[in-house]
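Student: Below are the structure tokens for one structure; questions will follow.
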Amino acid sequence: MPTVSGVPIISGGLFQFLIDGYAPPTWDGDEYVWPAPVSAATCYDVWTESNTQWVDYDEHQWGLCFPGLLNQIWSDNTYVFAAIDFGLDVIDMVTEQKVAYAEFEYGFSTVWADDDNVYLGSYTDGVKYIPRTCISGTTASGTPSDLTSCLADYVTYYNMSSQRVLYLHGAGNYMSFCTPNEVFAEYRTEFGGSYCGTTVSGARKCFTLPDGTFYYTSVSGNSADAWAVSRVNNFTFPPAVEYRTGGWMLPLDVRITDIFVTTAGTDNTLFIATSSGVCVIDEGTSAYGMYYNIGG
């Protein structure tokens, strides 16, 4: 295996993330055109049977669209939940039709759902939720159901210094979320729960695993300063591991824009999206690779 300064490098093909002239793959799916508000650009999203994901091919990003319209998508085997600037849309995975919606004046920034609830992060009012029992498909006339009356405050055990929720994500009974100045995580059961939280100036996104381990991204100062991915084990701060830009895995002067984590027992693999490409880190072997954005 090739190495750099004795560190194994993950081998693999070079991804050509060309900004100009990018040709997306041919997707076997239908196009869903999100209704655009006045003076907002139209956003096109494609759902694919083979990938079970929604792809915004105008911006070449997964689950994100133009600012001011569609902010995040979460999907399961039944529905696609879309957090948008004027509320929530629910799309049926089989019919690919909008079956329900909830209006919220200031919109939602992020969404995640489990078997019981749909959790929504807002720009101004913390975390909300809608019980999944409220979602029953379209009305008798075939129009989408209005879920606004089902929207409720998600009561937490802790005080948030900011009601602006940037991102939330969960797995099983665990959920984590970020505000601009804090990171929180919780474990929920029918008999109660436990939680942890700490001040993290510049927190941005988080990712939760089924065993309760969670990761979050943060930036120190403005977007040109140091970025980091941190891992928290056993609900215990400070983080057990931090990957910082300018270190031996992440290059200097890149912005971390997103994170996805896969797990196999105790060994996790991180896929860190940056402004210059994708960094892949195997925590089990410490092998890593950087797939650069060629041409800009």
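Just so you know, all these numbers are worked out from the coordinates, no wet-lab data involved. Everything quoted here is computed from the prediction, not taken from an experiment. Here Cβ is always computed from backbone atoms with ideal geometry, including for glycine, and neighbour counts include all displayed protein chains.
Student: Using Cβ contacts closer than 10 Å as the measure, can you line up Ser75, Ser286 from fewest to most? Provide the component values of the computation, followed by the final result.
Tutor: Values: Ser75 18, Ser286 11.
In increasing order of surrounding Cβ atoms, one gets Ser286, Ser75.
Student: Would you mind ranking Val200, Val165 so that the residue whose beta carbon has the fewest other beta carbons within 10 Å leads the list?
Tutor: Val200, Val165
Student: On the Cα set of the range 80-176, report Rg and Dmax in Å, please.
Tutor: 13.3, 44
Student: Something else: Net charge near Thr263: determine it from the other residues with C-beta under 10 Å of the C-beta of Thr263, scoring Lys and Arg +1 and Asp and Glu -1.
Tutor: Numbers: positive: none; negative: Asp211, Asp267, Glu283.
Around Thr263, the surrounding residues sum to -3.
Student: Would you calculate the separation in nanometres between label points at Ser220 and Thr236, each defined as 7 Å from the Cα along the Cα-to-beta-carbon direction?
Tutor: The modelled label-to-label distance comes out at 2.4 nm.
Student: Give me the net charge of Arg204's neighbourhood, meaning all other residues with Cβ under 11 Å from the Cβ of Arg204; Lys, Arg count +1, Asp, Glu -1.
Tutor: So the surrounding residues net to +1.
Student: When a footprinting reagent is the concern and you count Cβ atoms within 10 Å, what order do Ile272, Ile281 take, fewest first?
Tutor: Working: Ile272 26, Ile281 23.
Ranked by crowding around the Cβ, least crowded first: Ile281, Ile272.
Student: Between Asp125 and Ser194, what's the calculated FRET efficiency when r is the beta-carbon distance and R0 is 22 Å? Round to 0.05.
Tutor: 0.35
Student: Something else about it: Between Arg255 and Tyr187, what is 0.36 nm times their sequence separation minus the Cα-Cα distance? Round to one decimal in nm. Intermediate results must be reported in sequence, preceding the final value.
Tutor: Details: separation 68, 0.36 × 68 = 24.48 nm, distance 3.03 nm.
Between Arg255 and Tyr187, full extension yields 21.5 nm more.
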